[in-house]
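Where a number appears in this text, it was derived from the coordinates with a stated rule and is not lab data. Quantities reported herein were computed from a predicted structural model and do not represent experimental measurements. Cβ sites come from the backbone with ideal geometry, for glycine too, and all protein chains shown count toward neighbours.
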Amino acid sequence: MIEVAIHTLVIAGLIASALMVFYFRDLLAATLAAGFFSFLISVEFYILQAPDVAISQAAIGAGLTTAIFIIAIRATSRYEGGQP
Amino acid sequence: MIDPWYVAAFLLVILVCLALVRLFLGPTPADRAVAVDTVNTLSVAVLILLGVAYQQIIFIDVAIVYAVLSFVSTLYIAKYLGGEL
Amino acid sequence: MIPFLLTFLLALLLYLILTAGSGSLLLWSPQELVAGIVLSLLAAAVAKNLLCRSHNFRMANPLRLILIPIYILGPFLVEVTLANLDVAYRVITGKIRPGIIRVHSGLKTDLGIFMLANSITLTPGTITVDIDEESHDLFVHNINVPEGWEAKTEVKDSELFSLADIPGWIRRIAE
Amino acid sequence: MRMSKIVRTGANLLYPFVLIFGLYVIMHGHLTPGGGFQGGAVVATGVALVIVAYSFEEVTSMIKKVGMKARESIGLLLFIGAGVAALAAGAPFFSNILANSGLLFGQTVPAGPNPGDLNTAGVIPIMNVAVGIEVWGGLAIIVLYMLSSIPEEGS
Amino acid sequence: MIPAFIVENSPALMIIVPLVAAFLSPFIGRISSTVRSIWVGGAMAVTSAIALILALDVYSAGTRLYVFGASAASAAIPPDSGGIPIRIIFEIDPMSALMLVITAISGFSIIVYSLSSERSHTGLESYYTLYLLMITGILGMVSTGDIFNFFVFLEILSLASAGLIAYRIDGGVAVEAALKYFVLSTIGALAILVAIGIYYGQYNALNMAMIAARMQFSVLDQVALVLIIAALAMKCGAVPMHFWTPDAYSMAPSSITALLVVASQASLYGLFRTVFTLYNVTLNAATVGWLLIILGVLSMVVGVTMAIPQKNVKRLMAYHAVSQTGYMLLGVGVGLAVLGNQSLLDAFGYMAMEGGIFHIINHAMYKGLLFLTAGAIFLRLGTYNLNRMGGLGHSMKWTMLFFVIGALAIAGIPPFNGFASKLMIYESVFVFNPLLAVIAMVVSILTLASFVKVFHSIFMGPALPEYAEVKEAPMPMLAGMGILAVVVILFGLFPGIVVESLIAPAAHALVDQGAYIGAVLGGA
Amino acid sequence: MFWNLPLIAVVALILIALAIIVFKKNLIKVFLGIVILESAVNLFLITLGYREGGIAPIYTNAPQATMVLPTPQALTLTSIVIGVATSALLLSFAIVIWKKYGSIDIDRIRRLRE
Amino acid sequence: MKRGLSAVIFIVLAAGLCAIPAFLTFGEPAESGMDQYFIGNGQAQAATNNIVTSVVFDYRGFDTLGESVILFAAVIGVGLMFRSMREEEEHEDE
Amino acid sequence: MIADILVLACLSVGILFNTLGIVGLLRFPDVYTRMHATTKMTTFGSMFTALAVIIFGAVQFISTADSQYMTLSLHTLIAALALALTNAVGSHAIARGAHRSGIKPSPAVVDRLEEWSP
Amino acid sequence: MPWWTRGPISARCWEVHETMDATSTLLTGAGYWNPLAWLLGLVVAIILAWLIYSMGEKGYKPGTAQAEPFISGNKEPEKGMVHVRAGNLYWGYLEALRGYYDRLVPLHSGNLHDYILWYLGITALFLVLVVIFS
């Protein structure tokens, strides 16, 4: 039962962070929310007994995707639609 | 008897969800970065606890990867915030 | 050559810790040992320039290496516990008096300043915000600046810690 | 610009650790969670750690793009070579010819629960290593390329 | 004559050779550009040869299976797995073989062409690498019998082609085109992945034959069908999802555009494979058939009408590519619409499908030829703008000849191959529904009109003073175009042989789901 | 019924991601949407392979129970690599477009039309 | 107009995708013959303890080759975007 | 039995500190003070949960002599050490970045860093 | 029997079609198409045309005033100006179908969102149609 509760919470967090990506106008914040999303989905994979995938997602989502997104934001612009 | 590992993991997941609030509210990106950093730390604890709860020793490797690699994205964010990237 | 050897040994140590318990008779099975040596050689070849960037092999002294766990388990743990109780108190009551102060430390080596900065970050209500790269002075954000410190331009590093002589330990390890 | 001395020293200390941990994950792909891709990603993230701690000029002198490209191609060639070796041995492409053969990585595994042995799985560890090398080079070079695109200061 | 080793392992070698060449070409390119040209051209020639050998084998000896990692198909279907193939199986039936032939011919002639057309650019080693990867992607897509493997090759193809579309940055415009293409194709590929997940969740199988054997056409299967059809129709550029096509085709280097045509045919192949092999009669054939027909008619009409006012010659040709795709969808859609009814199928269904499939190969040839001539003109003039061209017939006679061959073929003028396939489509579709045939003919006339315009404004008229020093295109480019032109003429002169030997087996293989399943699972 | 929650979450995530892709004007935001879409599809695949009370498909000394299905995990690994390759290429496109156009607003990246 | 249309599209897509949770059950795969084979025989055939690895590299090794090739293609593509070009090479047709 | 109590105690302490850290994260007024709460307390709390696992593993190892429990303890130890190191460095980096990006410590009695210019 | 055991390719490539009509007739449902026969007709037509051409006016001499263009006594315009550029072709056609084009061309707006929406919309439409009709 308590596993179900953990599951539910993680899924709620997933949906909330996805909505945050939708909501934020600051791209850096959106990227952070996407990073958060990556962490949570990695935990979800972990709970669903897929440690291989969880490692992949952790390494890729937590480490590299965020990094290259931030580099891209640095190379372009930070705010959606120019300066805030 | 409820497994204490599960209970601990559950409580930590609740804390993760609370950190989400700071991620949402945080007025500056630095606040959000702090929230994400906190979540990284908590996630490692959650992963370790769940690994023990599942009685799967090999799951701890995931936690190590997580502990080491989430640091890198934190550094990228910090470097960008400091205008050094 | 020395950097290569040092990195190799460190990597091998880590690998052996990671794979401990693979053999039944010894702690490690022979193929794990072979793989560990090969992989450590590879890692050493790649990372040798980074680990010993300063070409300062003071840390190769085993005595200093033994001091590190003693330091972590002894004074550092005490300080961490105290600091956490302190911050817990402040979280609950909300009494804060933050400020950024400049801390002077006589440390010269990179590792020394690294350890000091991390100790400061993890211990007494303080976070290292920045570092003066020439003089190795730290700028420390203090959650509760004691009365009178805001007037001082510089604070001695040992004044930050209440119980143990953390900077002394670090000096003993890294200098 | 480079980050502060503390971060640089931390990166120096962590880099060998990340490296050996990634290699551990690669090597133990057939026993524990992980494998070539995951370990390669861990190692590449270690490279990204060094990249973020130092300035771009320092990084380009430390990490050569050509070396990373070579790593990528060598990894892929090794991987496809492990498949072609099966062709040469008279089996179809991608056959696991070394498994249970008693040669390198050719030990048999007892059925059921057991902690596993490094010396098993035939060509799978070789493929793991190949993919690991490839991913190491590939992801690191992606970060390097992206970083080289950042405009100069003040523009 | 040919070692049995090569023939037996040709499906694997066909993938290995271009891959190895691609992995090595960045380093071989460091030696010298000549060595690189020889290396890449040789690799492509070998690949084409292997693909042709495989195709010949399939045409003469029937469907070929190749199991990766096990010596026989039976080893891939162990009894205790519930009869599900556990390994990746390449299944090359005549339809796949036809696509292999197309890819081999186009790929080889285009690489001969690009040996000189791209000479003045930087990043050539990446160009050739991605080119070979694209070829790999197409070959894998058309020959695989495993649906997830299909997805993987689709992604290889779309990544490589996105990189190549952006090859000439062109002040960012090419990158814009590549971006549009790639975003759309990523979303499409993810839709396909969802569909694969649905199949997997229901049938626990990834092998196409196995899925086909167990297909029930439940609601989930319908959702998966729609996801796959929409994604693949988008990727082959059917109206109203064709918007990326003119952008990508016009901004890519000409040689790549010619290959992109083949790539979109491969997507079309995937569409047909899904509809006919995965679903076949379980599907509500009339509905899906009519959907394909409507897509086809829309593609024909919108494509050709949008082509007429264009000023950029490659954009115009790209719209024609959309329009020609419509013919294929129309032909095969008519075949699909009468799928359940054997008498109608015999009466005109097979004919329509043969027309549509014949059009695939014809289109790949003549549209490739046309894009290559456009590239030759661009190489000499430095512009694609029709308004600034004129009088090139005086200086580029060979190019003009090839252009005329291509233009007449695409317009369906008798002795060329376009006419043969269009005739088959007209006749059979007329029996099915006269209105559709009339629309097809009108579209054909408009195509002719638009190519008359292109021909007139490029080659006719007096020699313009600004292009006084324009020379003929270099020899390798002419050779590349020449191969395609010869194929166009040969297919036009001997349509009966081609239809009998290449097209009809493909059409029958497509319809005959039982044979496809039986080849893998043994005795359907 | 309650246990179908992950699948419902997958649907919700796919829809949110599509909404981000369709309604947001900034290219980087769109790419974030694509990343989320990819993750959602991966989650879908993993969800398909889960068996209640199953353990990870790895033989260790741990007590053995039924194992979850390994194939979706293998597919997801491939799909994650494809995801990172895709996002790298897309981001490089965005950077080049920024350099040449001075904007990554989708409404302004439209030199190719008609 | 456009927003209304897109709302309709989203509703229809949502309805279509809701077929997934409606007809598939979480936690109980409808069939598992293939995977049961992997779990039962993967350890002996491929001599691996990690069944996922044996699927990734042995039974479906060809997919893994494709995956590596995709990464390679992405790297080449990124390099193509950031190469240093000659002046006259870039050419923008109006 | 004692071991169980010890494990439970460690877990409780860990969770208590983590909770306090999150409360601090939500409650404190500016970035730096929040960072005080999170860095110290979540690191400390996570260390304690890790310590619980380590104790559990060690006790099991001693009682059953099964080497996998030693692996558990060692891996957890490595994870905890990595956590401590990366957390300290990471929060320093964030603090530095925040200060460089112009976020002032809002209630502050003194700011020596502002006056110093390299 | 595998084909490579049966001799060289070139010999067998055609053996399947031995029985076929050598003139390569394409039978359609309503008739047939034989390009060789048509080509024969074309050759005959060309010969006829050449015959008619050769029976033309014998008094024509190039290079004299006879061959100069007659433009109502005006001076002949420069060569480059004579060429009708592509933009001017089919002006009437475009003008006649103006309403159609005014609707069609704006669809190609160059906006990625529109393109994605079209794709999703077609997916949704197909979903409705396939689910309803089956």
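Structural remarks
- Of the residues E:T399, E:G270, E:P26, the one whose Cα sits farthest towards the positive end of the charge dipole of chain E is E:T399 (charges of +1 on Lys and Arg Cβ, -1 on Asp and Glu Cβ, taken about the Cα centre).
- Taken over the Cα atoms of chain G, the convex hull encloses 216 Å³ per residue.
- Across peptide C:112-125, the mean count of Cβ atoms from other chains lying within 10 Å of each residue's own Cβ comes to 5.
- Entry note, chain F: the mean residue ellipticity at 222 nm calculated from DSSP H runs of n ≥ 4, each adding -39500 (n - 2.57), is -22500 deg cm²/dmol after division by the residues and rounding to the nearest 500.
- Cα gyration tensor shape for the protein assembly as shown, rounded if a/c is under 1.5, else prolate or oblate: prolate
- Relative packing of peptides D:57-64, F:86-93 - highest average C-beta neighbours within 10 Å first: F:86-93, D:57-64
- 10 Å binning of all Cα-Cα separations within chain A, expressed as whole percents from 0 upward: 19, 41, 28, 10, 2
- Modelled FRET efficiency - R0 60 Å, G:I11 with H:S12, Cβ distances, 0.05 increments: 0.80
- Using a cut-off of 32 Å between Cα atoms, the listed pairs C:K108/H:K104; D:K65/F:K29; D:K64/H:K104; D:K69/E:K367 include D:K64/H:K104; D:K69/E:K367 as exceeding that distance.
- As a rough guide to protection, the peptides I:122-130, E:105-113 ranked by mean Cβ packing within 10 Å, highest first, stand as E:105-113, I:122-130.
- With the largest listed first and rounded to whole Å, the semi-axes of the equivalent ellipsoid of chain H from the Cα gyration tensor are 38, 16, 8.
- Helical runs (DSSP H, four residues minimum) scored at -39500 (n - 2.57) apiece and divided by the length of chain E put the mean residue ellipticity at 222 nm at -24500 deg cm²/dmol.
- In chain E, the longest principal axis of the Cα atoms and the axis of helix E:219-235 are about 20 degrees apart.
- In degrees, nearest ten, helix D:5-27 long axis to first principal axis of chain D (Cα): 10
- Expected 222 nm ellipticity per residue - DSSP helices of 4 or more, -39500 (n - 2.57), all of chain H, to 500: -26500 deg cm²/dmol
- The Cα center of segment G:13-66 and the Cα center of segment C:32-48 differ in position by 35 Å.
- Rounded if a/c under 1.5, otherwise prolate or oblate - chain B, Cα gyration tensor axes: oblate
- Förster-model FRET efficiency, 51 Å R0, E:V452 and C:M1, C-beta, rounded to 0.05: 0.05
- Spatial offset of segment E:38-117 relative to segment B:51-72 amounts to 43 Å, using the alpha carbon center of each.
- Distance (nanometres) between label positions extended 7 Å along Cα→Cβ at C:S135 and I:A37: 10.4
- For the protein assembly as shown, share of DSSP beta bridges that run antiparallel, in % to the nearest 5: 80
- Averaged over E:349-358, number of beta-carbon atoms from partner chains that fall within 10 Å: 1
- Other protein chain Cβ atoms within 10 Å, averaged over every residue that makes up C:91-104: 6
- Prolate/oblate/rounded call for segment D:5-148, Cα gyration tensor, a/c under 1.5 rounded: oblate
- Paramagnetic reach from E:S343 in segment E:263-301 [backbone N under 19 Å; point 7 Å along Cα→Cβ]: E:286
- Using the Cβ-Cβ distance between C:L63 and H:M1 with R0 set to 41 Å, the FRET efficiency from 1/(1 + (r/R0)^6) comes to roughly 0.55.
- Packing here is the average count of other Cβ atoms within 10 Å per residue, and on that basis the peptides E:114-125, E:169-180, B:28-39, highest first, run B:28-39, E:169-180, E:114-125.
- 12 Å cut-off, amide nitrogen to a point 7 angstrom out along D:T60 Cα→Cβ, residues in segment D:112-148: D:145, D:147-148
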